[in-house]
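Data first, discussion second: the structure below is written as structure tokens.
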Amino acid sequence: MKLLIIYMDKFGYRTTTKTLSELKSEEKQETFQDVLVGFIHSEKEDEEEVDKKVKKLIKSLKWAAGKNKTKRIVLHSFAHLSKSKADPEVALSILEKTEERLKSAGYEVYQTPFGYFLNLEVSAPGISQARIFQDL
């Protein structure tokens, strides 16, 4: 699993192109303030150890949220950080498990629509803990 974490003053998205035909079509847009965004790339090898990867993902997101003094997290499936890709069902289950556990720990958690290309609006401060990459 690859994880790019960016703290943002403002993060917005709007759905554009559906990439998975089995999904229902959805037009959606949202904007968030003071939010940590996790760009999450699930890899093929993650399929064998989903719970272990979810635990590491949650630990990384909580740590970064604490460093940036926010309890708001957006989970974004971002299949552009590695050539290896997990099956979509596995990638989605990782996002859903992560969201559920973070919410139960008191975080305000959102997900961008899975299986879509999105127009993104990004405003991120130039501070040291605002951008973090991890290979989990």
message = So for region 45-65 (the condition being under 23 Å from SER128 (Cβ atoms) and of a type in the set (Asp, Glu)), does at least one residue qualify?
response = no
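Can you confirm whether ILE73 is among the β-branched types (Val, Ile, Thr), without any contact (Cβ under 8 Å) to a residue 60 or more places away in the chain and not in a loop (DSSP other than H, G, I, E, B)?
yes
Quick one: in region 37-54, of everything that is in contact with a Leu (Cβ under 7 Å, 6 or more places away or on another chain) and within 18 Å of GLU121 (Cα to Cα), which residue is surrounded by the fewest Cβ atoms within 10 Å (Cβ to Cβ)?
Among them, the one singled out is PHE39.
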Contacts under 8 angstrom Cβ, first residue in region 94-115 being assigned to a loop (DSSP other than H, G, I, E, B), partner among the basic types (Lys, Arg), 6 or more apart = ALA105/LYS62; GLY106/LYS71; TYR107/LYS62; TYR107/LYS71; TYR107/ARG72; PRO113/LYS28; GLY115/LYS18
key: The one condition in (1) in contact with a Leu (Cβ under 8 Å, 6 or more places away or on another chain); (2) part of a loop (DSSP other than H, G, I, E, B) that SER25 fails to fulfil   = (1)
Single match in ALA130, ALA64, ALA91, ALA79 (criterion: at pLDDT below 95, within 18 Å of MET8 (Cα to Cα) and either touching a strand residue (DSSP E or B) at 6+ places or on another chain (Cβ under 8 Å) or of a type in the set (Asp, Glu) (or both)) = ALA130
note = LEU57 passes all but one of the listed conditions (1) buried (at least 21 other Cβ atoms within 10 Å of the Cβ); (2) of a type in the set (A, V, I, L, M); (3) in a helix (DSSP H, G or I); (4) free of Cβ contacts under 8 Å to residues at least 60 places away in the same chain; the exception is number (4)
task = Could you grab the pairs with beta carbons closer than 7 Å, sequence gap of 6+ or different chains, first residue in region 10-29 and more than 23 Å from PRO125 (Cβ to Cβ), second one among the acidic types (Asp, Glu)?
result = THR15/GLU26; THR15/GLU27
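The values are calculated or read from the model by the stated rules, or taken from the named source; none is laboratory data. Worth saying up front: this structure is predicted, and the values here are computed from it rather than measured. Cβ sites come from the backbone with ideal geometry, for glycine too, and all protein chains shown count toward neighbours.
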